[in-house]
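S.K.: Structure incoming, see below.
The values are calculated or read from the model by the stated rules, or taken from the named source; none is laboratory data. Small disclaimer: the values here were computed from a predicted structure and weren't measured. With ideal geometry, Cβ positions are generated from the backbone for all residues, glycine too; neighbour counts draw on all protein chains shown. Just the protein is used for accessible areas: all its heavy atoms, side chains included, with ligands, DNA and RNA removed. Shrake-Rupley method; radii C 1.70, N 1.55, O 1.52, S 1.80 Å.
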Amino acid sequence: MSGAVSPRTHRLPLRRLLTVSRPALWVNTVGTLVTGVWLSGRLYTLDPATLLLLAYLTLPFNLLIYGLNDLSDREEDARSSRKGGWQGARLTLAEGGPLLRATLLLNVPALLLLTLLLPPAATAVLLLSAVLFAAYSLPPLRLKGRPFLDGLSNVAYALPLILPALTLGSPAPWGPLLALMSYSVGKHAFDAAQDIPADRAAGTRTVATTLGVRGSAAYALAWFALAAALLWPASKLTALALLLTCGGMALGLLRRPTPERAARLYPLSIVTPWIVGAVAGVQLVYLLARGQWTGL
């Protein structure tokens, strides 16, 4: 079996590690960093530290995010119909140790190297993001089981946006950063709504189990509206794209507030970064081509 642990090496094959890291969601880390390079006005700068950051935010960082999450959520995932494929792995007990070792092996050396290459501020932001993701899944904090703190900790997804500016010495894109933080909090609440039955059965308290499906949809909609308002001064077109896609799916869940409806809308939630990012990217490339973009 391709995903089995070798009895001799006690290692997971690369294919299994890729499955756990959820490549469909790498846009949340890689895409955010690339957008940060765009916003810095240094799109064509081949900075070694930035390139290393880009490589790190692929398999290693996403294995940190989702590998630790899958290790901690085996009980919930066993009850979740959406796990076991591209939306997340179902881990066996035998895979736990090898996955943890692989996650540490891919992350610790890379983080140590990056601390040597990055300026102190960029290093601090990168480490904060890693710590928040680890704290989301692991005890003693396990923020996933702390309603509202679970979603607020997801601002970690937005932090790579500011890394290029801190690395290259460009002005920090504070408005887009705050907008992406707000989007991340809202998206967490929206995505968690489909897991309410599994989380309640496992005794896990989340923002979604606390608010219910309708409350989670309204809570997500408020954060999406705030994200669009924060993004409006930088790009009205991108703000509208965010409001139409994310606000639209939140309103759709409000109209029929059930976990099943949330699960059917989840694929749209997955592609919202691609849609909003494409709108922003086309606009930025247009401005770059005309020589009208100098960063924020």
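S.K.: Going through segment 150-170 one residue at a time, which ones are outside any helix (DSSP H, G or I) and open to solvent by 30 Å² or more (accessible area, probe 1.4 Å)?
M.R.: Answer for segment 150-170, where residues must be outside any helix (DSSP H, G or I) and open to solvent by 30 Å² or more (accessible area, probe 1.4 Å): just G169.
S.K.: Select from segment 189-205 the residues that are outside any loop (DSSP other than H, G, I, E, B) and over 15 Å from the mean Cα position of the chain (by Cα) and list them in ascending order.
M.R.: Within segment 189-205, A193, Q194, D195, I196, P197, A198, D199, R200, A201, A202 meet the criteria.
S.K.: Oh, and also: Taking interchain pairs and intrachain pairs at least six residues apart, which have beta carbon atoms under 7 angstrom, with the first residue in segment 257-281 and more than 16 Å from V30 (Cβ to Cβ) and the second open to solvent by 40 Å² or more (accessible area, probe 1.4 Å) and of a type in the set (D, E, K, R)?
M.R.: The qualifying pairs are P257/R214; A263/R82.
S.K.: Scan (1) under 30 Å from V282 (Cβ atoms); (2) open to solvent by 50 Å² or more (accessible area, probe 1.4 Å); (3) at pLDDT 95 or above for the single condition F224 breaks and write down its number.
M.R.: Of everything listed in (1) under 30 Å from V282 (Cβ atoms); (2) open to solvent by 50 Å² or more (accessible area, probe 1.4 Å); (3) at pLDDT 95 or above, F224 misses just condition (2).
S.K.: Just to verify a result, which residue in segment 189-215, among those that are open to solvent by 10 Å² or more (accessible area, probe 1.4 Å) and among the polar types (S, T, N, Q), is farthest from A262 (Cα to Cα)?
M.R.: Among those residues, the one meeting the criterion is T204.
A quick yes/no check of all residues on (1) modelled with pLDDT under 75; (2) open to solvent by 70 Å² or more (accessible area, probe 1.4 Å):
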| site | (1), (2) |
| --- | --- |
| S81 | yes, yes |
| L100 | no, yes |
| T103 | no, no |
| L106 | no, no |
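S.K.: Moving on. How do the pairs read when you match residues in segment 100-111 that are closer than 16 Å to R16 by Cα with residues anywhere that are open to solvent by 70 Å² or more (accessible area, probe 1.4 Å), using Cβ under 9 Å and keeping only pairs 6 or more apart or on different chains?
M.R.: Every condition considered, the pairs that remain are R101/H10; R101/R11; A102/R11.
S.K.: A further question on this structure: Specify the residue that is nearest to C246 (Cα to Cα); the eligible residues are those in segment 176-188 that are more than 13 Å from the chain's Cα centre (by Cα) and open to solvent by less than 30 Å² (accessible area, probe 1.4 Å).
M.R.: Among those residues, the one meeting the criterion is A179.
S.K.: Which one of the conditions (1) open to solvent by 20 Å² or more (accessible area, probe 1.4 Å); (2) over 19 Å from G186 (Cβ atoms) does A122 fail to meet, given that it meets all the rest?
M.R.: Condition not satisfied by A122: (1).
S.K.: Can you work out which of the residues in segment 26-43 that are modelled with pLDDT of 90 or more and open to solvent by less than 20 Å² (accessible area, probe 1.4 Å) is nearest to D70 (Cα to Cα)?
M.R.: Per the stated criteria, the residue is T29.
S.K.: On the basis of being within 30 Å of L51 (Cα to Cα) and surrounded by fewer than 18 Cβ atoms within 10 Å (Cβ to Cβ), does P173 make the cut?
M.R.: no
S.K.: Oh, and also: Considering L91, L46, L71, L18, which residue is at pLDDT below 95, of a type in the set (A, V, I, L, M), open to solvent by 20 Å² or more (accessible area, probe 1.4 Å) and over 24 Å from Y136 (Cα atoms)?
M.R.: Answer to the selection: L46.
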